[in-house]
Amino acid sequence: MSKVSEIATTFVAYLKRPDLYPELRRKIWKNIFNRSSGLRGKEEAEKWCKSIAVSEKDFIENILKINFVPFEKIFPQEYENALHLQEKTPVKMGGAGSLSVIYYINEFAKSQNSIETGVAYGWSSFAALASLVSRNGTLYSSDMPYVLQNQSEDFVGCVIPEKYKSNWDLYRFADKESLPKIFEKTKTFDVVHYDSDKTYDGRMWAYKVLWDRLRKGGVFMSDDVGDNAAFKDYCEQNNHKPHIIEFDGKFAGVIIKE
Ligand SMILES: C[S@@+](CC[C@H](N)C(=O)[O-])C[C@H]1O[C@@H](n2cnc3c(N)ncnc32)[C@H](O)[C@@H]1O
């Protein structure tokens, strides 16, 4: 598909979704006045991540002080079912990060209320909910559907076990619309997991509003922090001491709020 027809197809797909008009306006504005900030500072961010990264096992055992058993070994049946469900799905969506880290940060914080941005198949939601349901807690999720895939909306969260879904509250808008709606329901959170808009500017906006609503002692996590310098800059500007975890050749950043 040529660039022009790709832009035209995306535009038409957005026009069919009035709930996503605010995001369409922002995308047009960004494309005219502020070209994509997806890769801003990628080289320095990757170098920084590599220099301080640890494995998920080391993070869970040395920082969270919890004995590490991989997530898929704790929930083998649910995990197998989830893999089958994903295989049967006719649409291709974004993949999972470290399910173990997501599960254990919820355990560490004894989370009652967690918030995540970016659901797709729902692997991260599955991991967070596996911990939350044991305390009858709630996961609030923000996810803007893939506009170019008509059917994708039907499969958002498809790998989440049915028995967890009564503890799950999903908002199907862009974060700029979803987050204010979620904050009307719950003011503070024990765990934040960011995995949606990966541009530099998107992260910088969301990191601040999410951090402000994280309780002291709570845990903040962002995926793919080597993609650009947003997480590094955010930590440096605010004097946060992050942990970087390498998993599957990618980097996740975690900050425990002091
Ligand atoms: C990488 S996937 C999420 C993967 C998921 N956390 C997991 O572990 O399985 C990113 C998701 O974020 C959504 N997304 C992208 N930009 C967004 C935005 N501005 N607001 C809300 N969701 C967004 C995408 O449509 C996609 O569903």
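Residues of the range 84-109 with an amide N closer than 19 Å to a point placed 7 Å from the Cα of Asp169 along the Cα-to-Cβ direction: 106. Sorting the segments 174-184, 41-51 by their mean number of nearby beta carbons within 10 angstrom, highest to lowest, gives 174-184, 41-51. The coefficient of translational diffusion for the chain, derived via Stokes-Einstein from the alpha carbon Kirkwood radius under 4 °C and 1.567 mPa s, stands at 69 µm²/s. With each label modelled as a point 7 angstrom along the Cα→C-beta vector, the Trp205-Ile28 pair spans 1.6 nm. The spacing between the range 1-64 and the range 165-218, judged by their C-alpha centroids, is 16 Å.
Among Lys27/Lys198; Lys30/Lys250; Lys110/Lys198; Lys185/Lys216, which pairs are too far apart, with a Cα-Cα distance over 25 Å? The pairs that break the limit, which is 25 Å between Cα atoms, are Lys30/Lys250; Lys110/Lys198. Taking the DSSP beta bridges with both ends in the range 36-256, the antiparallel portion is around 30 percent. Here each label is just a point 7 Å from Cα along the line to Cβ, and for Lys65 and Thr188 those points are 2.1 nm apart. In the chain, what percent of the accessible surface is made up of carbon and sulfur (1.4 Å probe, ligands and nucleic acids excluded)? It is 53 percent, rounded to a whole number. Values of log10 I(q)/I(0) for the range 77-132 across q = 0.13 Å⁻¹ run -0.33, by the Debye formula with one identical scatterer at each alpha carbon and no solvent.
Mind ordering 15-23, 164-172, 2-10 by average Cβ neighbours within 10 Å, highest first? Don't skip to the answer; put the middle values down first.
Details: 15-23: 13.7, 164-172: 17.3, 2-10: 10.3.
The packing order, highest mean first, is 164-172, 15-23, 2-10.
Within the set Lys3/Lys50; Lys187/Lys241; Lys73/Lys187; Lys16/Lys165, which residue pairs have Cα atoms separated by over 30 Å? Flagged as over cut-off: Lys3/Lys50; Lys73/Lys187.
Regarding the range 19-113, what's the average projected area of the Cα-atom convex hull, expressed in nm²? Could the numbers behind the result be given before it?
Working: hull surface 41.0 nm².
Quarter of the Cα hull surface area: 10.3 nm².
Relative intensity of the range 1-41 on a log10 scale, I(q)/I(0) at q = 0.15, 0.16, 0.24, 0.26 Å⁻¹, equals -0.42, -0.48, -0.90, -0.97, per a Debye sum over C-alpha point scatterers of equal strength in the absence of solvent. Highest mean packing first, where packing is the average number of other Cβ atoms within 10 Å per residue, the peptides 109-120, 149-160 line up as 109-120, 149-160. The helix-only estimate of mean residue ellipticity at 222 nm for the chain, built from DSSP H runs of length n ≥ 4 each weighted as -39500 (n - 2.57), is -12500 deg cm²/dmol after division by the residue total. With bins 10 Å wide beginning at 0, the percent of Cα pairs of the range 68-193 falling in each bin runs 13, 46, 33, 7. Taking amide hydrogens as placed 1.01 Å from N in the peptide plane, the amide H of Leu170 sits under 5 Å from those of Ser141, each at least 5 positions away in sequence or on another chain. Note on Gln151 and Arg17: the extension gain reaches 46.9 nm, defined as 0.36 nm multiplied by sequence separation minus the Cα-Cα distance.
3J(HN,Hα) along the range 21-28: 4, x, 5, 4, 4, 5, 5, 4 Hz, from the Karplus curve 6.51 cos²θ - 1.76 cosθ + 1.60 with θ = phi - 60°, whole Hz, x for Gly and Pro.
Across the range 131-213 the C-alpha pair distances fall into 5 Å bins from zero in the proportions 3, 12, 23, 24, 20, 13, 5, 0 percent.
Annotation: amide H-H contacts under 5 Å for Phe247 (H modelled 1.01 Å from N, sequence separation of 5 or more, or interchain): Ala252. Note on Ile74 and Ile7: their simple-model spin labels are 4.7 nm apart, each label 7 Å out from Cα toward Cβ. The mean sequence distance of close C-alpha pairs (under 8 Å, at least 6 residues apart), as a share of the length of the chain, puts its relative contact order at 22 percent.
The values are calculated or read from the model by the stated rules, or taken from the named source; none is laboratory data. The shown structure was predicted, so the numbers you read here are calculated from the model rather than taken from an experiment. We place every Cβ from the backbone using ideal geometry, glycine too, and count neighbours over all the protein chains shown. For accessibility, only protein heavy atoms count, side chains too; no ligands or nucleic acids. Shrake-Rupley method; radii C 1.70, N 1.55, O 1.52, S 1.80 Å.
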